[in-house]
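The values are calculated or read from the model by the stated rules, or taken from the named source; none is laboratory data. What you see is a predicted model; the values in this text were computed from it and never measured. Cβ placement follows ideal geometry from the backbone for every residue including glycine, while neighbour counts extend to all protein chains displayed.
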Amino acid sequence: MMSDFTIGESDFLLDGAPFRILSGALHYFRVHPQSWADRIEKARLMGLNTIETYVPWNAHSPRPGVFDTEGMLDLGRFLRLVAEAGLYAIVRPGPYICAEWDNGGLPAWLFQEPGVGVRRHEPRFLAAIEEYLQQVLRIVEPLQVHHGGPVLLVQVENEYGAFGTDQVYLKALADLIGRAGITVPLVTVDQPVDEMLAAGGLDGVLRTGSFGSRSTERLRTLRAHQPSGPLMCMEFWDGWFDHWGGPHHTTSVEDAASELDILLATGASVNVYMFHGGTNFGLTNGANDKGVYRPTVTSYDYDAPLDEAGDFTAKFHAFREVISRYATVPPMTPASVEPAPEFSVPLGEPVSVRGRWTTHASLPTLDGLGARLAIYRTEIEVEGPALLEVGEVRDRAQIFLDGHPVGILERENHDRAILLPHGRGRLELVVEDQGRVNYGPRIGEPKGLTGAVLLDSIPLTSWSTCVIDLDAVPSSWQSVSEKAVVAPGPTAWRATFDADGPVDHFLKTDAWGKGFAWVNGFCLGRYWHRGPQHALYVPGPVIRRGANELVVLELDTMASRTAEFTTGASLGPVDL
């Protein structure tokens, strides 16, 4: 049914009547598409009337000229499912989304050409954005509420006031969105700090805030920058994300529910961030760098009302009770959750993972190779122990000399040098991109080894590289003999296991080193023994009845050559 949605003097107006948005963040690209309807229905049961989602440009466009909408990227299908559930939608296409997502959603290929702008009014950057927005808004335009679809609002950029002050850039984005046929109200979002609201806001576009506490104070600041129009918290932070090597973050259920109550008591609209976080499947996790580089873990559980597997948490029930004070919530029957299957299977014969070697006169970056993981090789010949120095490692380099491990250079530790036991032989560096920075000035930076690589202060040249094609890892056994020789470095292992049907599983990883895992060709994401996460979520729709295949690519050392499946998530020690 076609409706009219506008911004009134103090309220959103749906067909002329005041309408409070009760929204929850649910990223279609972090949830298996066969689970979308389940998660959307659970949002309805909590009392929400709207679903909000970002759109990740780099996932849809992994290469220039490509815009993929298959499977987990079928935004149109996701929005139609939202409508079928009787809910509305908010779309936040960026182009920058942050979201603890690789590069904040900006494609890495965008910055291959020197001088291309990053979140500013620069012709090449704007031309790429225009092509992207035309593609994504071609999906959104017919699904606007006045066309009978669910979309109420579209956001311009994302927390821009925390990054820059280029109002010409913001205005150009708003104009691009309008030219693409978007006529529902546009919004911006910023943290409710005077400087950020001033820099990130745009005249004629509704400002919204992002915060998780002190709601009355934050809304007062927002109102000072916006004398009229509805008040909205576009990101009500109800949890947080985790970094490898850190604690698992949670927030108090009671405190979060109390803050939500305070917010709703003001009459403001809200978008709960996150309602359901989901998972950074594949290599999609981002990273932060505020002086120290810290990559985000695979789980995006976020301590949300629905956990990573989509099950109700105590926070769901607490939020539902709060919402019931301000809106009608639908009846629901308490559901019991069956634990995931618990069993173990041995890993079979390993295979060294290698690709085609290419030669280079100078050292290429991972971006130059089109890789996320690669081996760099050269021959060295100097007397005695030798000092190996690298300009900067982005993000991790394992050092091998004549096939023997020497050590690791970690970006997080600001490692740039290592002493080799001798200076003769075959030097190999296994270099991994652990996730691109998604927030701050280091967005868009190249990955790999940057600057010169020196051996006793002399530049090393004549490099060979071998790109590890991660998409091809699950089929590594097709091109090798059963008794293939395993060399140090990236090594693939596999196992088969039986299942009764498509139910969620959790793969334990605490006895393994560092690497990636696939089930039936679906990449679950990264694991790392340092934690806090020690189990990977396996979505039920990935599991087949009967035989299933697990493939693991190990970069370090496995303490156990057994694959163990456990009854639930293992997100690490809690930090309240």
message: Considering only region 198-207, I want to know if a residue exists there that is assigned to a helix (DSSP H, G or I), among the small types (Gly, Ala, Ser) and surrounded by 18 or more Cβ atoms within 10 Å (Cβ to Cβ).
response: yes
Checking the structure you have, find out if any residue of region 64-73 is crowded, with 21+ Cβ neighbours inside 10 Å, in contact (Cβ under 8 Å) with a residue 60 or more places away in the chain and not in a helix (DSSP H, G or I).
no
Listed by first then second residue, the pairs whose first member lies in region 145-166 and is free of Cβ contacts under 8 Å to residues at least 60 places away in the same chain, whose partner is charged (D, E, K, R) and part of a helix (DSSP H, G or I), with beta carbons under 8 Å and at least 6 positions apart or on separate chains, are 161/195
Is region 507-517 home to any residue that is modelled with pLDDT under 95 and surrounded by fewer than 19 Cβ atoms within 10 Å (Cβ to Cβ)? no
The lone condition residue 434 fails out of (1) in a strand (DSSP E or B); (2) surrounded by 16 or more Cβ atoms within 10 Å (Cβ to Cβ); (3) at pLDDT 95 or above is (1)
Condition test on residue 141, is it more than 30 Å from residue 15 (Cα to Cα), of a type in the set (Asp, Glu), at pLDDT 95 or above and in a helix (DSSP H, G or I)?
no
Checked region 400-427 for anything closer than 30 Å to residue 246 by Cβ and surrounded by 13 or more Cβ atoms within 10 Å (Cβ to Cβ); matches are 400, 405, 406, 407, 408, 409, 410, 411, 412, 415, 416, 418
Taking region 487-508 and keeping only residues that are over 16 Å from residue 564 (Cα atoms) and assigned to a strand (DSSP E or B), one is left with 491, 492
Exercise. Examine region 219-233 for a residue that is over 27 Å from residue 265 (Cβ atoms), in the same structural domain as residue 78 (by TED's automatic domain parsing), crowded, with 23+ Cβ neighbours inside 10 Å and not polar (S, T, N, Q), and state whether such a residue exists.
Key: no
Yes or no: residue 511 assigned to a strand (DSSP E or B) and in the same structural domain as residue 540 (by TED's automatic domain parsing)?
-> no
Over region 316-362, the set of residues loosely packed, with under 15 Cβ neighbours inside 10 Å, basic (Lys, Arg) and more than 30 Å from residue 453 (Cα to Cα) is 325
Taking region 46-63 and the residues there that are touching a Pro at 6+ places or on another chain (Cβ under 6 Å) and part of a helix (DSSP H, G or I), the one that is farthest from residue 85 (Cα to Cα) would be 58
Of (1) of a type outside the set (Val, Ile, Thr); (2) more than 18 Å from residue 97 (Cα to Cα); (3) modelled with pLDDT of 95 or more, residue 2 satisfies every one except (3)
Counting only residues in region 442-462 that are out of contact with any Ser or Thr (no Cβ under 8 Å at 6 or more places or on another chain) and not in a loop (DSSP other than H, G, I, E, B), the one farthest from residue 290 (Cα to Cα) is identified as 458
